[in-house]
Amino acid sequence: MARGTDAPYSDVEMLCVLRNDASHESHEWSVGPWKAEVGVLSRAAIIHDASTLDYDWSLTQGAYLDLHPIIDSTRFLPTLRAHVFGHSVTEFDRELRATLIGELYEVVAKVRNALETGHHDYLPLLVAKTATVATFAIGLANRHCYTGAAAMLQEALALDDRPDGYDDLCRLLIRGDLADAQRILGLCDALWMGVELWASNKGITLYESQRVPF
């Protein structure tokens, strides 16, 4: 509703800001044709949430950028934007590296395994996850929060800083052309090769030169 993009089946999400540090809770219910959710949080808890930097930062934190105040006499809600973007270059790069290694590399490996083991029926889910994680990584690199999950693929394609191979895989997913297993593997491998160069150009090291002791 705040963005003016709500559709007939969209749920109503509201945030109630407490003046004290009372217990937090969330109320969620459905009344036939629509559903509502009201989160009840203290200012400290909301600031903590808005300041979170995780692999899906580019999707989850966008909710703090387009809040529509009903009652906000202290103008607290507009201050949350600074918390969303209040991270250093080092922090963004650290999270980007963690996303590429911990999330993207892992799902690309699952694509390869699915081809090796003949589990081709698993590939559509893996392609969707590969493109989703790559889209999150692009959001981190561009310091861009998407307006929502429905629009994030198209928004990512319009951003300047993207790894080679992303566009082809993303458009394959958008078309739903997921029947050719070997083509899927080739595009996922091409994306990872592009990510290696992309990360290197940013000074982000993806591979350790020696075994890390634990």
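The values are calculated or read from the model by the stated rules, or taken from the named source; none is laboratory data. Computed from a predicted structure; not experimentally measured. In this analysis, Cβ positions are derived from the backbone assuming ideal geometry, glycine residues included, and neighbour counts consider all displayed protein chains.
Being in contact (Cβ under 8 Å) with a residue 24 or more places away in the chain, of a type in the set (Asp, Glu) and not assigned by TED's automatic domain parsing to the domain that holds Thr132 holds for only one residue in Asp56, Asp6, and it is Asp56. Taking the stated definitions as given, is Val107 in contact with a Lys or Arg (Cβ under 7 Å, 6 or more places away or on another chain), in a helix (DSSP H, G or I) and more than 20 Å from Asp160 (Cβ to Cβ)? So Val107 passes the test. Going by what's in this entry, would Val40 be described as surrounded by 10 or more Cβ atoms within 10 Å (Cβ to Cβ), more than 30 Å from Ala134 (Cα to Cα) and touching a Phe, Trp or Tyr at 6+ places or on another chain (Cβ under 9 Å)? No, not satisfied. Residues considered: Asp177, Asp161. Of these, the only one that is of a type in the set (Asp, Glu) and either under 21 Å from Ile101 (Cβ atoms) or not in a loop (DSSP other than H, G, I, E, B) (or both) is Asp161.
Scanning segment 45-79 for residues that are closer than 23 Å to Arg19 by Cβ, assigned to a loop (DSSP other than H, G, I, E, B) and within 18 Å of the chain's Cα centre (by Cα) yields a total of 2. Checking Gly186, Gly176 one by one, the residue that is surrounded by fewer than 19 Cβ atoms within 10 Å (Cβ to Cβ) and at positive phi is Gly176 and no other. Scanning segment 54-66 for residues that are at pLDDT 90 or above and either surrounded by fewer than 16 Cβ atoms within 10 Å (Cβ to Cβ) or of a type in the set (Lys, Arg) (or both) yields a single hit, Asp54.
In segment 21-44, the count of residues that are under 30 Å from Arg97 (Cβ atoms) and either in a helix (DSSP H, G or I) or without any contact (Cβ under 8 Å) to a residue 40 or more places away in the chain (or both) is one or more. The residues of segment 113-140 that are surrounded by fewer than 22 Cβ atoms within 10 Å (Cβ to Cβ) and either under 20 Å from Leu197 (Cα atoms) or in contact with a Pro (Cβ under 8 Å, 6 or more places away or on another chain) (or both), listed by number, are Thr132, Val133. Checked against the criterion of being surrounded by fewer than 20 Cβ atoms within 10 Å (Cβ to Cβ) and within 14 Å of Trp192 (Cα to Cα), the candidates Asp160, Asp168 yield just one match: Asp168. Please pick out the residue among Ala82, Ala128 that is of a type in the set (A, V, I, L, M), farther than 21 Å from Leu172 by Cβ and either touching a helix residue (DSSP H, G or I) at 6+ places or on another chain (Cβ under 9 Å) or assigned to a helix (DSSP H, G or I) (or both). Checking each option against the conditions leaves just Ala82. Listed by first and then second residue, the pairs with beta-carbon distance under 7 Å, at least 6 apart or on different chains, first residue in segment 133-161 and in contact (Cβ under 8 Å) with a residue 60 or more places away in the chain, second in a helix (DSSP H, G or I) and acidic (Asp, Glu), are Val133/Glu103; Leu140/Glu95; Tyr146/Glu155; Thr147/Glu155.
Arg75: under 28 Å from Leu15 (Cα atoms), surrounded by fewer than 13 Cβ atoms within 10 Å (Cβ to Cβ) and either in contact (Cβ under 8 Å) with a residue 12 or more places away in the chain or not assigned by TED's automatic domain parsing to the domain that holds Val127 (or both), yes or no? Yes: the conditions hold for Arg75.
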